[in-house]
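The values are calculated or read from the model by the stated rules, or taken from the named source; none is laboratory data. As the structure is a prediction and not an experimental result, all values here were calculated from the model. All Cβ positions, glycine included, derive from the backbone under ideal geometry; neighbour counts span all protein chains shown.
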Amino acid sequence: FGCKVLAHDILDFPEFYAQHNVEAVSLEELLQRSDIVTLHLPLDDSTRNILNAERLALMKPDAMLINAARGGLVDDAALKKILQEGKIAAAALDVFAVEPPDDMEMLQLPNLLVTPHIGGSSEEAILAMGRAAITGLDENKIPTADYPPAG
């Protein structure tokens, strides 16, 4: 698409980054430079509210945030405030810390797009889960994703 891709990860994939023209940066630099920020990480103690008020404030006024990963990665109250103040252009959320979300005022913000968190209910996802279960039964093992080695 002719765009520059920035990435922040606790693991380092220099060969992948070089092959795909990805620039590895700190989280703070990623937030400061990105037009669109998408989250792709699990929720645990180290990632809970990783996008807090301080980090959200680093984003550009015309930036957009997309979280379809896990609720709890973004401080919902801080995001609501920053959207209300127009400090970022927009956000799209498929997940919330509390589901279903109970902040009706936030859900009605004109610069917030909300989807119903049903990606796991798609035909493709259901088939993939079924295949994984069958593999587990047939081979007596839990299938895992094939991630490149950290390097």
(message) Just to be sure I understand, how many residues within the range 29-69 are part of a helix (DSSP H, G or I) and more than 17 Å from Val5 (Cβ to Cβ)?
(response) 4
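Being under 24 Å from Leu27 (Cβ atoms), more than 17 Å from the chain's Cα centre (by Cα) and either assigned to a loop (DSSP other than H, G, I, E, B) or without any contact (Cβ under 8 Å) to a residue 40 or more places away in the chain (or both) is the requirement here; does Leu83 meet it?
Spelling it out, Leu83 is indeed under 24 Å from Leu27 (Cβ atoms), more than 17 Å from the chain's Cα centre (by Cα) and either assigned to a loop (DSSP other than H, G, I, E, B) or without any contact (Cβ under 8 Å) to a residue 40 or more places away in the chain (or both).
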(request) Return a yes/no flag: does the range 63-85 have any residue that is exposed (fewer than 15 other Cβ atoms within 10 Å of the Cβ), at pLDDT 95 or above and among the β-branched types (Val, Ile, Thr). (result) no
(message) Cβ-Cβ under 9 Å, sequence separation 6+ or interchain: first residue in the range 122-136 and modelled with pLDDT under 85, partner among the aliphatic types (A, V, I, L, M). Which pairs?
(response) Ala132/Ile142; Thr135/Ile142; Gly136/Ile142
(message) Could you list, ordered by first residue, the pairs with Cβ atoms under 7 Å in which the first is in the range 95-109 and free of Cβ contacts under 8 Å to residues at least 24 places away in the same chain and the second is part of a loop (DSSP other than H, G, I, E, B), at least 6 apart or interchain?
(response) Leu107/Pro101
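Would you be able to say whether some residue in the range 102-110 is surrounded by 14 or more Cβ atoms within 10 Å (Cβ to Cβ), modelled with pLDDT of 85 or more and assigned to a strand (DSSP E or B)?
no
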(request) Restrict the check to the range 116-129 and report whether at least one residue is surrounded by 10 or more Cβ atoms within 10 Å (Cβ to Cβ), within 26 Å of Met59 (Cα to Cα), in contact with a helix residue (DSSP H, G or I) (Cβ under 8 Å, 6 or more places away or on another chain) and not aromatic (Phe, Trp, Tyr). (result) no
(request) Look through the range 1-50, keep the residues that are among the small types (Gly, Ala, Ser) and surrounded by 13 or more Cβ atoms within 10 Å (Cβ to Cβ), and return whichever of them is farthest from Ala69 (Cα to Cα). (result) Ala24
